[in-house]
């Protein structure tokens, strides 16, 4: 269909402007997810067509050019800002490790040597080494067009088996006594529903379903959506918070500030959705900031560091010596449900785990005997 559209309108099929025109033409006909899917497929097609035209033999020999290509391909593949930031750091470290040799002189050996360096000299964990490998795999396959071979035999970091830190209900109560306002509400939502920190700070007004006592989490880790528990004890506080949040929304509308960030496919189908109240952040930032990609001013959600700093201060004041963080609240949510005899698969769904094995780790920290059974004498 894209090919016919370009041919009918006499447009260059490899032009990104043609792609934009085509996607806009779909806005009234297709669902946002379909438009998003079409965009990804066509971006790959455009990239492939350009490579064919250049015979796919031209290699990048300059790191400035490589970084430009990295930025372009990252957008095509819809990498998150955190993934892009992580990949940039690993690629920069990899380049430094290899004495900044030109990219066209690299081979699989350079990757193998760097992974070994991380494992042996830097003694990184297996998960950290895997992060580095993912970044280099992206670099080699998508930017430099260099095949990676025989990596299976490279020195791998020892896989660590650790149990998650879990706070008791009393410890959580003590920490919460040292939190207040918005920070206490966010921490309560995270513990009450087992959310990740990023899932909490990116909640929209529409995601809170008061009637069903449910929090809808959209496009979470792995681009999955799920529903989890909205604690009934929080409903009154959340409603008050929403009323207070509305002043930021009204201020933005009065000052004609562009709406909140939305998935591009949704913006194409519903151009004004970003300015609708239901799409506004549940926890908006107190001030607006620059959207570098769109070159405009807009309001983002609250920074994760806001709660992270407040939680650390509350932990210190409580005198608890466990190596706890905001994410520990999610671990505690799962463990406490398990201790209350809830089904492990129910907990898996609430946490949004793809693999049951990931959820099973909480069976090792739940305070029950090895049989997982509570004696009737203890009731």
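The values are calculated or read from the model by the stated rules, or taken from the named source; none is laboratory data. Computed from a predicted structure; not experimentally measured. Neighbour counts are summed over all protein chains in view; Cβ atoms, including those assigned to glycine, are modelled from backbone coordinates with ideal geometry.
Please pick out the residue among 190, 175 that is crowded, with 18+ Cβ neighbours inside 10 Å and more than 26 Å from the chain's Cα centre (by Cα).
None of the others qualify; the one that does is 175.
Scan segment 143-166 for residues that are over 25 Å from residue 329 (Cα atoms) and at pLDDT 90 or above and jot them down.
143, 144
Specify which of the listed residues (25, 86, 54, 71) is modelled with pLDDT of 70 or more, loosely packed, with under 14 Cβ neighbours inside 10 Å and on the phi < 0 side of the Ramachandran plot.
Just a single option satisfies the conditions, and that option is 71.
Please note which strands (runs of 3 or more DSSP E) are completely contained in segment 187-294 and include at least 3 residues that are modelled with pLDDT under 95.
In segment 187-294, 289-291 are the strands (runs of 3 or more DSSP E) which contain 3 or more residues that are modelled with pLDDT under 95.
Six or more apart or on different chains, Cβ under 8 Å: which pairs go from a residue in segment 83-102 that's assigned by TED's automatic domain parsing to the domain that holds residue 131 to one that's surrounded by 15 or more Cβ atoms within 10 Å (Cβ to Cβ) and assigned to a loop (DSSP other than H, G, I, E, B)? Could you list them?
As it stands, the answer is 87/79; 98/106, since those pairs meet every condition given.
Cβ-Cβ under 6 Å, sequence separation 6+ or interchain: first residue in segment 246-265 and more than 21 Å from residue 293 (Cβ to Cβ), partner at pLDDT 90 or above and not in a helix (DSSP H, G or I). Which pairs?
That search, which allows pairs on different chains as well, returns 248/284; 249/280.
Between 169, 158, which is closer than 30 Å to residue 108 by Cβ, more than 21 Å from the chain's Cα centre (by Cα) and in contact (Cβ under 8 Å) with a residue 24 or more places away in the chain?
The conditions single out 158.
For the subset of segment 295-317 comprising residues that are in contact with a helix residue (DSSP H, G or I) (Cβ under 8 Å, 6 or more places away or on another chain) and part of a helix (DSSP H, G or I), which member is surrounded by the most Cβ atoms within 10 Å (Cβ to Cβ)?
311
Can you pull out the residues in segment 318-359 that are loosely packed, with under 15 Cβ neighbours inside 10 Å and closer than 22 Å to residue 82 by Cα?
The one that is loosely packed, with under 15 Cβ neighbours inside 10 Å and closer than 22 Å to residue 82 by Cα: 354.
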